[in-house]
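**Q** Before we start, here is the structure in question, set down as structure tokens.
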Amino acid sequence: MNLKQNNVIILKVMMIYLTGASASLAKSADNPQSDVNRSLGGYISSTPVPNAAINSLFDLISSYTLEKRQKETIAIGLINQLDKAVKDVELKVVTDSDNETTFKIAAVSVGSNYLMEQIANRYQEPMSAEFYDASFYRAAVDIEITQYASEGEEIALYPFNVVVEVIKTGIEGTWEAFEEAFSNDETYTVKRITETKFRIERRDETVLESPIQCSYITTEGFTATFLGDLKNKADNTVLISNEFQPKQAIGIWIQRVMKKTQYPSNDELLQEFKDKYIRATIEEVEMIISYNLADEQPNYQEAQYDEQYS
């Protein structure tokens with residue numbers, strides 16, 4: 001993974017590793033432990049958590065998981081592999097308000113021996129850890145379509161600076177036009193929640209200082225209602241270290257918690273089918289670590305790890 005700073009590529013970065021190694025990295029830099037089921041604390045290993053592959057740390061969500069709502073906890077290690085100290089190290093889990101799960105984070109001190117507390121299995125919890133909600137929602141707003149657009153209609157959306165050009169009359173034509181209009185937009189994207197409800201969302205993690213009212217103008221008879229303002233529903237970014245020296249490590253416990261929502265019954269699922277409700281089969285979650293170099297002016301640095309599970 002490479003990070004860019006002032007057009008210079010930094011080859012050494014903040015790295016995240018699995019835990020559960022048999023010996024300390026202080027004794028040998030090569031102590032691999034690649035079994036994610038054993039990433040439960042203990043010695044930090046030399047096996048990195050691969051970018052875009054953190055999904056393997058947690059099991060798939062089954063109906064049994066939803067029913068029992070068991071917490072699952074794993075441990076990873078963060079090591080500063082830069083040649084200089086960093087400060088203001090923060091972590092957040094970018095998720096979606098419709099997801100079945102939330103994530104909590106606990107950062108713990110790790111000494112020079114790269115050793116942290118260890119648990120026997122992922123259904124146990126560490127004794128010396130205080131968990132914090134790390135959920136972060138990108139700025140978004142839902143729009144409910146009350147009258148679909150007609151062929152040739154144009155819809156200008158504020159504050160998105162996007163013009164929707166409708167090619168085909170009907171709700172499907174309206175959705176296709178929205179999807180096409182946002183497909184090449186660098187700031188916003190759109191996804192379909194139900195047959196008539198779309199969600200417009202920022203592509204980045206910008207935190208809006210205050211909610212922004214949304215509106216539209218159209219050339220024909222399209223009508224819709226914005227269900228609230230454009231805003232971040234939650235920003236629970238967790239500060240995990242004020243200052244972080246080279247080769248220093250931090251232990252990070254990640255706990256997946258099932259939301260206290262009742263899973264749909266067969267009758268409800270049938271009704272959702274009739275209503276053309278779009279229930280996502282894959283939940284996308286990103287863990288983002290940001291920091292600044294300690295001896296320079298604030299300069300946003302970011303390491304990103306993705307999780308996808310169904």
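The values are calculated or read from the model by the stated rules, or taken from the named source; none is laboratory data. What you see is a predicted model; the values in this text were computed from it and never measured. We place every Cβ from the backbone using ideal geometry, glycine too, and count neighbours over all the protein chains shown. With ligands, DNA and RNA removed, areas are computed over all heavy atoms of the protein, side chains included. Shrake-Rupley method; radii C 1.70, N 1.55, O 1.52, S 1.80 Å.
**Q** Report, by residue number, each residue of segment 158-171 that is under 33 Å from the mean Cα position of the chain (by Cα), loosely packed, with under 14 Cβ neighbours inside 10 Å and aliphatic (A, V, I, L, M).
**A** Answer for segment 158-171, where residues must be under 33 Å from the mean Cα position of the chain (by Cα), loosely packed, with under 14 Cβ neighbours inside 10 Å and aliphatic (A, V, I, L, M): just VAL163.
**Q** Separate question: Could you check THR19 against (1) assigned to a loop (DSSP other than H, G, I, E, B); (2) modelled with pLDDT of 90 or more; (3) touching a Lys or Arg at 6+ places or on another chain (Cβ under 9 Å) and say which number it fails?
**A** Failing condition for THR19: (1).
**Q** Output the residues belonging to segment 211-233 that are closer than 24 Å to MET287 by Cα and outside any strand (DSSP E or B).
**A** ASN232, LYS233
**Q** May I ask you to list the residues in segment 39-74 that are at pLDDT 65 or above, in a loop (DSSP other than H, G, I, E, B), under 30 Å from ALA29 (Cβ atoms) and polar (S, T, N, Q)?
**A** The answer is SER39, and nothing else.
**Q** Moving on to the next point. Those residues that are at pLDDT below 90 and part of a strand (DSSP E or B), I need them from segment 95-111; list them, please.
**A** The answer is THR95, THR101, THR102, PHE103.
**Q** Could I ask something else about it? Would you please list the contacts, defined by Cβ atoms under 8 Å and residues six or more apart or on different chains, that run from a residue in segment 118-146 that is closer than 22 Å to GLU72 by Cα and without any contact (Cβ under 8 Å) to a residue 24 or more places away in the chain to a residue that is assigned to a strand (DSSP E or B) and open to solvent by 50 Å² or more (accessible area, probe 1.4 Å)?
**A** MET127/GLU117; SER128/GLU117
**Q** Within segment 112-144, which residues are at pLDDT below 95, open to solvent by less than 40 Å² (accessible area, probe 1.4 Å) and either among the small types (Gly, Ala, Ser) or touching a His at 6+ places or on another chain (Cβ under 7 Å) (or both)?
**A** ALA129, ALA134, SER135
Per-residue answers, yes or no, for (1) over 24 Å from LYS92 (Cβ atoms); (2) among the aliphatic types (A, V, I, L, M); (3) open to solvent by less than 30 Å² (accessible area, probe 1.4 Å); (4) modelled with pLDDT under 95:
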site	(1), (2), (3), (4)
ALA156	yes, yes, no, no
GLY173	yes, no, yes, no
GLU186	no, no, no, no
GLU209	no, no, no, yes
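**Q** Still on this structure, please answer the following. I'm trying to understand the selection: among the residues of segment 221-234, which are open to solvent by 60 Å² or more (accessible area, probe 1.4 Å) and either on the phi > 0 side of the Ramachandran plot or modelled with pLDDT under 95 (or both)?
**A** LYS233
**Q** Something else now. Working only within segment 152-189, note down all residues that are closer than 12 Å to TYR216 by Cβ, aromatic (Phe, Trp, Tyr) and not in a helix (DSSP H, G or I).
**A** Hits for segment 152-189 are TYR158, PHE160.
**Q** A further question on this structure: Take PHE244 and tell me if it is open to solvent by less than 20 Å² (accessible area, probe 1.4 Å) and among the hydrophobic types (A, V, I, L, M, F, W, C).
**A** The answer is yes for PHE244.
**Q** OK, next. Can you tell me how many residues in segment 73-91 are surrounded by fewer than 22 Cβ atoms within 10 Å (Cβ to Cβ) and not aliphatic (A, V, I, L, M)?
**A** 6
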